[in-house]
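What follows is a single structure, written as structure tokens, with notes after it.
Taken together, the values in this text are just the output of simple stated rules run on the coordinates, not laboratory data. These figures come from a predicted structure and were not determined experimentally. Here the Cβ positions follow ideal geometry from the backbone for every residue, glycine too, while neighbour counts run over all protein chains shown.
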Amino acid sequence: MADLTKEQASQELDKIRPQLNSWRDAYYTKDAPVVEDNVYDKLYNRLLEIEQMYPELVTPDSPSQQVGDVTLPDFNKVTHDIPMLSMGDVFSEEELAEFNDRIEKNVGHEVDYNVELKIDGLSLSLIYENGILVQGSTRGNGTIGENVTENVKTIKDIPQKLSRPLSIEVRGECFMSKKEFLRLNQERENEGQQVFANPRNAAAGSLRQLDPKITASRKLDTFMYTIVTFDGMDVTTQHQALETLKELGFNVNPTAQVTTGLKGVQNFIEHYGEVRDDLDYGIDGVVLKVDDLALQQQLGNTVKVPRWEIAYKFPPEQSET
Ligand SMILES: NC(=O)c1cc2c(N)ncc(C(N)=O)c2s1
């Protein structure tokens, strides 16, 4: 191969990487391979050749770093530097009032809450370095989770590259829509396989797959709802955090509302309790979060759960087995 200067190599890689990634994306997630394998392989080998000559030019988003063809023997584990805590639950308006009273007593005044739907899926952590997705992981036991990065890369609504080159961690919920759940179970029934009991199990069974191709064959969705590390972003409320997540390219549930104290919370709960069957995703409650992020820090966490958020749980859905 004619020797390439580093500059020529860098320029050629800048052309090859996005081309291969877009072909790969089509192959994995849009079920529509747009190029013959030998064309893909030829360009991929060219990329490997150049990266071998100039290893310092390898970037995290290079196709050579996205080994999506390997079926892992078991999940690699990741440690959550900031634990993925669970959340306290309440089941009545009275308990909600007690939660609010504790907060107001602690901080000495009424607080705004950001009220969000509690999605019936599984928690997901995403880590980006300079805007590139480098790790996806499950909650696990809250401290040690499973590395599901290759699977996460097949989920269409998760950006592999952010709109800004930020190094951040974000968290949210991975779920399967009711429509996809019915399609998948019909497919499994036709193939004589065991069906999933509910969309949450189907989502967990699809994300926690050792073969990314199986994950890619299932339509998973996400709603992201927490920025864990901000990389200097000036975000001071949970409401702003959701707007920022949306600007960065994440899928964010559009129903969140800010309330002053508990005013309006009961209406929100009653409304979504009534329409939950009509939503195409499962919800099992409503989450109240103190909107001011500094107040969240001031309130902190108990041993197990944050003091600044609570889940108001709906009764199990009728259709749920
Ligand atoms: N375990 C947790 O902290 C949470 C769990 C969930 C969930 N399953 N769905 C939505 C939210 C939210 N909107 O914050 C949260 S927060």
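What lysines does K6 reach when the alpha-carbon gap must be under 19 Å and sequence neighbours fewer than 8 apart in one chain are set aside? Qualifying lysines at Cα under 19 Å: K15. Helix 93-107 and the longest principal axis of the Cα set of the chain meet at an angle near 80°. What's the extension gain from N130 to M233 if we count 0.36 nm per residue and subtract their Cα-Cα distance? Gain in length upon complete extension: 35.7 nm. Sorted largest first, the spans of the alpha carbon positions of the chain along the three principal axes are 75, 51, 30 Å. Across segment 173-305, Cα pairs under 8 Å and at least six residues apart give a relative contact order of 26 percent.
Put the Cα centre of segment 229-307 next to the Cα centre of segment 72-99 and the gap is 14 Å. Modelled spin labels at K246 and I144, positioned 7 Å past Cα toward Cβ, are 4.0 nm from each other.
Between K304 and Q194, the modelled label-to-label distance comes to 2.8 nm, taking each label 7 Å out from Cα in the direction of the beta carbon. Taking the helices alone, the chain has a mean residue ellipticity at 222 nm of -11000 deg cm²/dmol, built from -39,500 (n - 2.57) per DSSP H run of at least 4 residues and averaged over all its residues. Compared with the dominant Cα axis of the chain, that is its longest principal axis, helix 265-275 is turned about 60°. In this structure, the residue pairs whose Cα-Cα separation is over 21 Å, taken from K178/K263; K263/K313; K118/K263; K77/K179; K77/K156, are K178/K263; K77/K179; K77/K156.
For K313 and D3, a Förster radius of 45 Å and the Cβ-Cβ distance give a FRET efficiency of 0.10, rounded to the nearest 0.05.
Beta bridges from DSSP with both residues in the chain: antiparallel share about 95 percent, rounded to the nearest 5. For the pair segment 151-181 / segment 106-132, the C-alpha centres are spaced 15 Å from each other. Computed over segment 44-188, relative contact order equals 25 percent, with contacts defined as Cα pairs under 8 Å that lie 6+ residues apart.
A prolate overall shape is assigned to segment 119-245, the ratio a/c of its alpha-carbon gyration tensor axes (a ≥ b ≥ c) being 1.5 or greater and a/b exceeding b/c. Estimated at 0.36 nm per residue, the fully extended path between S167 and N21 surpasses their Cα-Cα distance by 50.5 nm.
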